[in-house]
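What follows is one structure encoded as structure tokens, with my remarks underneath.
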Amino acid sequence: FNTYDTPSRLLSSTAKKNITMNTGFVTEDHNEVIKQLLNTEYCWIHESKVGNIKPTPIKPISLDFNEKLEVNEKLINFTLQFEYTHNFIQDIR
């Protein structure tokens, strides 16, 4: 009997990492680009890990899109949320 052992154990754990990206201030011409980005089948970002740049697959989470016009909003900034396609905790056992 181990007194430091927990009485119940977690059998399955999958942890996903999310990333939030801002476009910065863009013109209303970027509405179509953002719309295509949210509907894309393949999406990759380039991450820098200790000196080397590695492409990492991601998928969009925020699928709601509202077109923004410069007439209504003087400065247009899009905030998009993405999720890494691989698990943060490796679930291959």
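Derivation of every value follows stated rules applied to the coordinates shown; laboratory data play no part. In this text, all values refer to a predicted model and were calculated from it rather than measured experimentally. Here Cβ is always computed from backbone atoms with ideal geometry, including for glycine, and neighbour counts include all displayed protein chains.
Structure data summary
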{"read-out": "Hull shadow area, averaged, segment 38-80 [alpha-carbon convex hull, nm²]", "value": "4.4"}
{"read-out": "Cα→Cβ-extended label distance, 7 Å offset, between T20 and K74, nm", "value": "2.5"}
{"read-out": "Global geometry of segment 10-66, whether rounded, prolate or oblate, following the gyration tensor of its Cα atoms and the 1.5 cut on a/c", "value": "oblate"}
{"read-out": "Fully extended contour minus Cα-Cα distance, from N39 to N52, at 0.36 nm per residue", "value": "1.8 nm"}
{"read-out": "Amide H partners (placed H, <5 Å) of I76, local residues excluded", "value": "V26"}
{"read-out": "Above-threshold pairs, the threshold being 25 Å between Cα atoms, out of K54/K74; K35/K59; K17/K68; K17/K54", "value": "K54/K74; K17/K68"}
{"read-out": "For I45, distant residues with modelled amide H under 5 Å away", "value": "T56, I58"}
{"read-out": "Highest average packing first - 27-37, 69-79, Cβ atoms within 10 Å", "value": "27-37, 69-79"}
